[in-house]
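Colleague: To start, I am sharing the structure in question, which I have written as structure tokens.
The values are calculated or read from the model by the stated rules, or taken from the named source; none is laboratory data. What you are looking at is a predicted structure, and each value in this text was computed from that prediction instead of being measured. Positions of Cβ are generated from backbone atoms using ideal geometry, with glycine treated the same way; all protein chains shown enter the neighbour counts.
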Amino acid sequence: MNNEFGLLHVWAQGDWVTRSVFGALLLMSVASWVVIVLKALGLMRTQRQAARVEGFWHSSDIAEGLAKLGTGEANPFRALAIEGREAAAHHRATQAQLHDSLDVSDWISRALQGSIDATASRLQAGLAVLASVGSTAPFVGLFGTVWGIYHALMKIGAAGQASIDQVAGPIGEALIMTALGLAVAIPAVLGYNALVRGNKTLLMRLGRFAHDLHAYYVTGSRVNGSGDGKVVAMKKA
């Protein structure tokens, strides 16, 4: 038996506006899920990389520590360590009259902060899509509902019948558009909030690693994690 109601019936009976709303909501849903999946996988991968930081400090030298952090340009912890190392080496190789204007602490701080900013920008890429979908999808669905109700009432008026059987079906189908808008928006909002929290936690860990790196490249030792201000040298493996 053919289904006289539902999504397929709405699509078959709808005009180009209704179908355009359907298409827009479908594209929004696909885009948001692609961003959620890709960003979640990237965040989990970076969290696994963050777990290797302690092994970095139990290395005999920087080269071994970098190897323990892992490979790949997308590893923000490895990139941070390399950025600090290159900044320290560059400052040592700079002529005295140039590096006197900016001491080694400030120079390395700026280099590390630049690496963190680049990582933050990469983590935030794509989140604007989720924010846009979460804020606009309900209104797109509401527009489809209003348009569907308008056409349903026009058809009922033209038929000259206003019984509950004639009204319930078309109005109910129009309200499906509002439900679709919410179905697209809710995952986008939840995904956005979860990714923002995950990115914030990751940047905090990256900031702590940068603080330890700054102390190491400036003084030759890492700041003690106990918070007493003491420094400890890189431990042998």
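Colleague: State yes or no: is residue 21 within 30 Å of residue 147 (Cα to Cα), of a type outside the set (Phe, Trp, Tyr), crowded, with 18+ Cβ neighbours inside 10 Å and in contact with a helix residue (DSSP H, G or I) (Cβ under 8 Å, 6 or more places away or on another chain)?
Modeller: yes
Colleague: Test residue 112 against the criterion of being modelled with pLDDT of 80 or more and either under 14 Å from residue 206 (Cα atoms) or buried (at least 19 other Cβ atoms within 10 Å of the Cβ) (or both), and give yes or no.
Modeller: Here the answer is yes, as residue 112 does meet what is asked.
Colleague: Name the residue, out of 135, 105, that is at pLDDT below 90 and surrounded by fewer than 16 Cβ atoms within 10 Å (Cβ to Cβ). Break it down into steps so the answer makes sense when it comes.
Modeller: Details: 135 fails: at pLDDT below 90.
None of the others qualify; the one that does is 105.
Colleague: Do we find that residue 118 is more than 14 Å from residue 216 (Cβ to Cβ) and surrounded by fewer than 18 Cβ atoms within 10 Å (Cβ to Cβ) in this structure?
Modeller: For residue 118, the condition - more than 14 Å from residue 216 (Cβ to Cβ) and surrounded by fewer than 18 Cβ atoms within 10 Å (Cβ to Cβ) - is met.
Colleague: May I ask you to say which residue of 80, 41 is under 22 Å from residue 196 (Cα atoms), surrounded by fewer than 16 Cβ atoms within 10 Å (Cβ to Cβ) and among the hydrophobic types (A, V, I, L, M, F, W, C)?
Modeller: After ruling out the rest, the residue left standing is 41.
Colleague: Kindly list the number of the only condition in (1) crowded, with 16+ Cβ neighbours inside 10 Å; (2) assigned to a helix (DSSP H, G or I) that fails for residue 54.
Modeller: That leaves (1) as the condition not met.
Colleague: Just to be sure I understand the filter: pairs with C-beta atoms under 6 Å, separated by 6 or more residues or on different chains, first member in segment 83-101 and farther than 17 Å from residue 210 by Cβ, second member at pLDDT below 75. Which pairs pass?
Modeller: Within 6 Å, the pairs are 99/91.
Colleague: Condition test on residue 195, is it modelled with pLDDT of 50 or more and either loosely packed, with under 14 Cβ neighbours inside 10 Å or closer than 16 Å to residue 115 by Cβ (or both)?
Modeller: Criteria not met by residue 195.
Colleague: Could you go through segment 18-38 and let me know if any residue there is modelled with pLDDT under 90, outside any helix (DSSP H, G or I) and either aromatic (Phe, Trp, Tyr) or more than 30 Å from residue 66 (Cβ to Cβ) (or both).
Modeller: No, there is no match, as no residue in segment 18-38 is modelled with pLDDT under 90, outside any helix (DSSP H, G or I) and either aromatic (Phe, Trp, Tyr) or more than 30 Å from residue 66 (Cβ to Cβ) (or both).
Colleague: A follow-up question, please. Identify all residues within segment 58-69 that are closer than 16 Å to residue 85 by Cβ and assigned to a loop (DSSP other than H, G, I, E, B); write none if there are none.
Modeller: 59, 60, 61
Colleague: Which residue, of 153, 142, is modelled with pLDDT of 85 or more and assigned to a helix (DSSP H, G or I)?
Modeller: 142 is the lone residue from the list that is modelled with pLDDT of 85 or more and assigned to a helix (DSSP H, G or I).
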